[in-house]
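The values are calculated or read from the model by the stated rules, or taken from the named source; none is laboratory data. Keep in mind the model is a prediction, meaning the values are calculated, not measured. All Cβ positions, even for glycine, are placed from backbone atoms using ideal geometry, and neighbour counts span all protein chains on display.
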Amino acid sequence: MGERVFMQGNEAMAESAIRAGCKLFFGYPITPSSEVPEYYAKVMRERPEENIMFIQGETETSVFNMIAGAVAAGHRAMTATSGPGFSLGQEAMSYMSAASLPAVIVEVMRPGPADGEILAAQGDYFQATRGGGHGDYNNLVLAPYSVQELCELMQESFDLAEKYHNPVVLLSDAMLAKLRESVELPGYVENEPKPEEKWRTLTGADGRDPHIITTCGRGAIQWERFNLDLQEKFRKIAENEVRYETYNLEDADIVLVAFGCFSRVCISAMKMAREEGMKVGMIRPISLWPFPEEAFRGLDGKKFLVCELNAGQMVQDVKLSVDNKNDVTFYGRLGGQVPTPKEILGEIRKLR
Amino acid sequence: MKLELLFSGIGGQGVMRLGEILCDAAIKAGYLVTFSPFYGQEKRGGRTMCNIVISDEMESPIISEAQVMLIFDERSLTEYEHLLDPAGTLILNSSMIEKEPTAPCAQIDKVPFYDLAQKIGNTKTANMIALGYVLKYLPAIDYGVVEEEVKKTFAAKAKLIPLNVEALHTGYTYRA
């Protein structure tokens, strides 16, 4: 690990990506993600010995396709964007998942739909976890709750993308992006992609067969087989990459479910409820896809309060994970409004 | 220990900077600290507010009730006074605020930060005066450590250091 600093989420994350050997950043500035391209641009100038390259694309559409090209050539590459920009990248996301390209995308959520606002929100849960683009595919989606976890998952995202040859979406939001807190920056890691040489297109085809990266079907029989292979990739991710944390579940009557930085509001609310004598626990999904269904096993009879900064998206996955969906209630805010721990406490009291 | 603070003003008044310096000092005192800024899309003149949480364990970066609330302008008062802890302290910049607060609050201090800043010769130091004043209510944060942080903040413009240290001291010793 590296040094301990008091740093903003976006900037600490960008530094962690650089230290993970991601030297290529393609971006188009959009609040609340703009400090990330700014940071890369600054490092490109101030630390020339690190060979950082930042390119501002003309739109996010081109940015996402630049990433496709860079990772196909065996480089680590990423972007950071927000709602409208993430939407523009969806065609390429579908393509990269099908073409098994290890892209890393940071999506810093802000309130939509459309241009919306620049504050904190979690309304892009569906877009991130259901694929977002066309066809049967999944992104591996990780949602950190602190600047520390953001930095660690930022570095791990590259390993995971390369391990499964699939896009990884690191799901941040305006709250975490702008939050300043103490963080022990991760150190530099081996900066060459670890996976099979297979993906190094720039080494030429000397002594090996050409690598053909294509996503164009040749009839239904071939294309179904191609899709089944993809599904096998997603099955492996679902089997191996489920992540979550649980708090005070042993004696809990009420279980909060929340993800991302907003889950910390719920953690404080849980503590306040316990001080009042209510037995409250919490489940915090870290991988949103694959969703941690296993965390809900054996909790029959407890009440679940799903808290989100959207109109109720993860609540659907929670209902699919519990024995009785009537045990699940939802509390959400929209438009960039973030409830205080005390307001969540009020919602917990209603379930008593 | 868990301390929740809210500072708010107009963009350009230095409220965010004040908050960041306080955070640096609180970290030096060994606490976990979160600084959450909130601002609009305006480049200048918009509302700037921050939530600061100083605690022993990880907490919500969003506050429930401010034990200390520092308000630099009237609109901020209207917008955020409902977040006051009834047992807490409200510090009002009386150079710019005539309105009376309506939310219940144990202690209300009116301090003319801009008038005091003018007296020491530079209205831009109002935020450092406010920082000094806020410290009276934060015994866990050492004054000397904050002074060092102020010096560090102005390291690139060294000639401004004595003025800002004076401003910090002016606030710290002011009796409302």
Index of the failed condition, B:ASN51 passing every other in (1) more than 12 Å from chain A (Cβ to nearest Cβ); (2) on the phi < 0 side of the Ramachandran plot: (1)
Filter pass, A:ALA114 being over 12 Å from the mean Cα position of the chain (by Cα) and either crowded, with 23+ Cβ neighbours inside 10 Å or at pLDDT below 95 (or both): no
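Restricting to region A:16-29, what's the tally of residues that are buried (at least 20 other Cβ atoms within 10 Å of the Cβ) and touching a strand residue (DSSP E or B) at 6+ places or on another chain (Cβ under 8 Å)? Break it down stepwise before answering.
Going residue by residue through region A:16-29, those that are buried (at least 20 other Cβ atoms within 10 Å of the Cβ) are A:16-18, A:20, A:22-28.
Then drop every residue that is not touching a strand residue (DSSP E or B) at 6+ places or on another chain (Cβ under 8 Å), which leaves A:17, A:22-28.
Looking only at that region, the number is 8.
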Qualifying residue in region A:250-265 (condition: more than 14 Å from chain B (Cβ to nearest Cβ) and free of Cβ contacts under 8 Å to residues at least 12 places away in the same chain): no
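Listed here are the residues, each with its yes/no results for (1) modelled with pLDDT of 95 or more; (2) of a type outside the set (S, T, N, Q); (3) under 24 Å from B:ILE10 (Cβ atoms).
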position: B:HIS82; (1), (2), (3): yes, yes, yes
position: B:ALA87; (1), (2), (3): yes, yes, no
position: B:ILE91; (1), (2), (3): yes, yes, yes
position: B:PRO104; (1), (2), (3): no, yes, no
position: B:PRO112; (1), (2), (3): yes, yes, yes
position: B:LEU135; (1), (2), (3): yes, yes, yes
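I'd like to check something: does region A:43-52 contain any residue that is away from chain B (no Cβ under 14 Å), among the hydrophobic types (A, V, I, L, M, F, W, C), touching a helix residue (DSSP H, G or I) at 6+ places or on another chain (Cβ under 8 Å) and without any contact (Cβ under 8 Å) to a residue 40 or more places away in the chain? Please lay out each step first, then the result.
If we filter region A:43-52 for residues that are away from chain B (no Cβ under 14 Å), which is where we start, we get A:43-52.
Retained after the next criterion (residues that are among the hydrophobic types (A, V, I, L, M, F, W, C)): A:43-44, A:52.
Of the ones still in play, those that are also touching a helix residue (DSSP H, G or I) at 6+ places or on another chain (Cβ under 8 Å) are A:43, A:52.
Checking which are without any contact (Cβ under 8 Å) to a residue 40 or more places away in the chain leaves us with A:43, A:52.
Yes; the residues of region A:43-52 include at least one that is away from chain B (no Cβ under 14 Å), among the hydrophobic types (A, V, I, L, M, F, W, C), touching a helix residue (DSSP H, G or I) at 6+ places or on another chain (Cβ under 8 Å) and without any contact (Cβ under 8 Å) to a residue 40 or more places away in the chain.
Show me the strands (runs of 3 or more DSSP E) found entirely inside region A:272-352 where at least 1 residues are touching a residue at least 40 places away in the same chain (Cβ under 8 Å) and of a type outside the set (Ser, Thr, Tyr).
On the way: elements: A:280-285, A:287-289, A:303-308, A:328-332.
Correct list: A:280-285, A:287-289, A:303-308.
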The lone exception for B:ILE27 - which of (1) surrounded by fewer than 21 Cβ atoms within 10 Å (Cβ to Cβ); (2) among the β-branched types (Val, Ile, Thr); (3) more than 10 Å from chain A (Cβ to nearest Cβ) it fails: (3)
Among residues of region A:145-167, those that are in contact with an Asp or Glu (Cβ under 8 Å, 6 or more places away or on another chain), within 14 Å of chain B (Cβ to nearest Cβ) and either buried (at least 24 other Cβ atoms within 10 Å of the Cβ) or of a type in the set (Phe, Trp, Tyr) (or both), counted: 1
Residues of region B:120-140 satisfying the condition of being surrounded by fewer than 20 Cβ atoms within 10 Å (Cβ to Cβ), of a type outside the set (A, V, I, L, M) and in contact (Cβ under 8 Å) with a residue 12 or more places away in the chain: B:GLY121, B:ASN122, B:LYS124, B:LYS136, B:TYR137
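Condition check: in the same structural domain as A:GLN122 (by TED's automatic domain parsing), in contact (Cβ under 8 Å) with a residue 24 or more places away in the chain and closer than 22 Å to A:CYS261 by Cα. Does A:THR59 satisfy that? Outline the logic, then answer.
Working: in the same structural domain as A:GLN122 (by TED's automatic domain parsing): yes; in contact (Cβ under 8 Å) with a residue 24 or more places away in the chain: yes; closer than 22 Å to A:CYS261 by Cα: no.
Spelling it out, it is not the case that A:THR59 is in the same structural domain as A:GLN122 (by TED's automatic domain parsing), in contact (Cβ under 8 Å) with a residue 24 or more places away in the chain and closer than 22 Å to A:CYS261 by Cα.
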Any hit, region A:76-86, residues being more than 24 Å from A:SER100 (Cα to Cα) and in contact with a strand residue (DSSP E or B) (Cβ under 9 Å, 6 or more places away or on another chain): no
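In region B:43-56, which residue that is assigned to a loop (DSSP other than H, G, I, E, B) and without any contact (Cβ under 8 Å) to a residue 40 or more places away in the chain is surrounded by the most Cβ atoms within 10 Å (Cβ to Cβ)? Full working, then the answer.
Filtering region B:43-56 down to residues assigned to a loop (DSSP other than H, G, I, E, B) leaves B:43-46, B:56.
Subsequent filtering for residues that are without any contact (Cβ under 8 Å) to a residue 40 or more places away in the chain retains B:43-46.
On the way: B:LYS43: 8, B:ARG44: 7, B:GLY45: 10, B:GLY46: 12.
Top of the filtered list is B:GLY46.
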Subset of region A:227-244 (residues that are exposed (fewer than 15 other Cβ atoms within 10 Å of the Cβ) and of a type outside the set (S, T, N, Q)): A:LEU228, A:ASP229, A:GLU232, A:ARG235, A:LYS236, A:GLU239
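Of these, A:ASP136, A:ASP124, which one is outside the structural domain of A:PRO292 (by TED's automatic domain parsing) and surrounded by fewer than 20 Cβ atoms within 10 Å (Cβ to Cβ)?
Details: A:ASP124 fails: surrounded by fewer than 20 Cβ atoms within 10 Å (Cβ to Cβ).
Within the list A:ASP136, A:ASP124, the selection yields A:ASP136.
From the list B:LEU22, B:LEU18, exactly one residue is in contact with a strand residue (DSSP E or B) (Cβ under 8 Å, 6 or more places away or on another chain), farther than 24 Å from A:MET272 by Cβ, at pLDDT 95 or above and within 12 Å of chain A (Cβ to nearest Cβ). Which is it? It would help to see each step written out before you state the result.
Working: B:LEU18 fails: within 12 Å of chain A (Cβ to nearest Cβ).
After ruling out the rest, the residue left standing is B:LEU22.
State yes or no: is B:ARG17 over 28 Å from A:TYR145 (Cα atoms) and basic (Lys, Arg)?
Working: over 28 Å from A:TYR145 (Cα atoms): no; basic (Lys, Arg): yes.
For B:ARG17, the condition - over 28 Å from A:TYR145 (Cα atoms) and basic (Lys, Arg) - is not met.
Looking only at region A:136-168, filter to residues that are aliphatic (A, V, I, L, M) and not in a helix (DSSP H, G or I); which one of those is farthest from A:ARG4 (Cα to Cα)? Step through it out loud before you land on a result.
We begin by selecting, within region A:136-168, every residue aliphatic (A, V, I, L, M); these are A:140-143, A:147, A:150, A:153-154, A:160-161, A:168.
Still in the running and not in a helix (DSSP H, G or I): A:140-143, A:168.
Numbers: A:LEU140: 29, A:VAL141: 27, A:LEU142: 24, A:ALA143: 22, A:VAL168: 27 Å.
Per the stated criteria, the residue is A:LEU140.
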